[in-house]
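Working notes for the structure below.
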Amino acid sequence: MSASPFVLAGARRPRRLTAPRDLLGKLGSRGLGWILPLAILALWQFCDGRGWISPQVLPSPRFVLDTLRDLAASGDLWANTRASMTRVLVGFAAGSALGLGLGTAMGLSRRLESYVLPTFNALVQIPVLAWMPFVLLLVGIGEPLKYILIAKAALVPVTLNTLQGFRQAPPALLEVARVYGYSRRQEVLEVVLPHAVPTLFTGLRLGFTKAWLSLVVVELVASSEGLGYLIVYGRQLFQLDLVMAAVIVVGAIGYAIDRALDAAERRVSRGRPDAAWETP
């Protein structure tokens, strides 16, 4: 067989030196994202200093920070964070594995897609909390309940993005692959999959976001440990500083993981080879 007609165009592109002005521009654009959070924090502190808001309604930033330090020093923060991370990782792994498998199967078989996708689209309209009573009857209120609901949340975006990714290969390249005698396996591995990878990463990122949000919701309703439980516990004791501290941790962890997945997604998108046809 002659050489593969697909070349990795642009796979080795020399890096251009970034000008100082461009570097400062990037740093400035990233700094703009901090303006609104810092403004809200300043307004919060200003209102507290003026006594416009009762501490029972909204505790001061310093009080919330002190509570956060106490949680970290006592070990409660780490224990509850570990419980939440374990749940979300197990649920996300299960949901992503099922989503990748189901999306790939539908992407490779239009007949299977026509059978499964309409029912799947109908079921995904049901929110996580609506599934809770049914799953509760099946597995009880223990950890499997949380894993199943988190996995369901991750399953939906991963499945749909995987299916979309497998449909993105240019028809012209698929035709070239057939002309060169590619088997179905070679066609999938060398043409379809490289074009699907960026969309797969998008699905995984969205899946983790949905899983993280569902984790907090599930822990708010049915849990005796975790970050969501800390929020409920603080509300029951009317300790809004504890509620705010837990909310800050939830937001910080979710944001950090989302940024990490976004960086991985952009790296994969930049490194994706543009398949081009060449005469052997």
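Read-outs: derived from the displayed coordinates by stated rules, not from any lab. All of these numbers come straight from a predicted model, not from anything done at the bench. Note: ideal-geometry Cβ built from the backbone for every residue, glycine included; neighbour counts use all protein chains shown.
A few remarks follow.
- With the cut-off at under 14 Å, measuring from each backbone N in the range 151-179 to a point 7 Å along the Cα-to-Cβ line of residue 186 picks out 174-179.
- Total formal charge among the other residues, if their Cβ is under 15 angstrom from that of residue 102, Lys/Arg +1 and Asp/Glu -1: +3
- Where trypsin sites (Lys or Arg not before Pro) fall in DSSP loop in the range 99-152, at most 13 other Cβ within 10 Å: none
- Neighbours of residue 247, meaning other residues whose beta-carbon lies under 13 angstrom from its beta-carbon, give a summed charge of -1 when Lys and Arg score +1 and Asp and Glu score -1.
- Computing FRET efficiency as 1/(1 + (r/R0)^6) for residue 178 and residue 121, where r is the C-beta to C-beta distance and R0 is 41 Å, gives about 0.85.
- Likely footprinting exposure, 180, 115, fewest C-beta neighbours within 10 Å first: 115, 180
- Qualifying chymotrypsin sites (Phe, Trp or Tyr not before Pro) in the range 213-255, DSSP loop, other Cβ atoms within 10 Å at most 16: 238
- Length gained when the stretch residue 255-residue 197 is fully extended (0.36 nm per residue, less Cα-Cα span): 18.6 nm
- With all pairs of different C-alpha atoms in the average, the Kirkwood value for the hydrodynamic radius of the range 143-277 is 17.4 Å.
- Cα→Cβ-extended label distance, 7 Å offset, between residue 69 and residue 136, nm: 4.0
- Relative contact order (%) - the range 59-272, alpha-carbon pairs under 8 angstrom, separation at least six: 27
- Semi-axis lengths, Å, the range 152-216, gyration tensor of Cα atoms, sqrt of 5 times eigenvalues: 31, 8, 7
- Extension gain from residue 90 to residue 50, taking 0.36 nm per residue of separation minus the Cα-Cα distance: 9.8 nm
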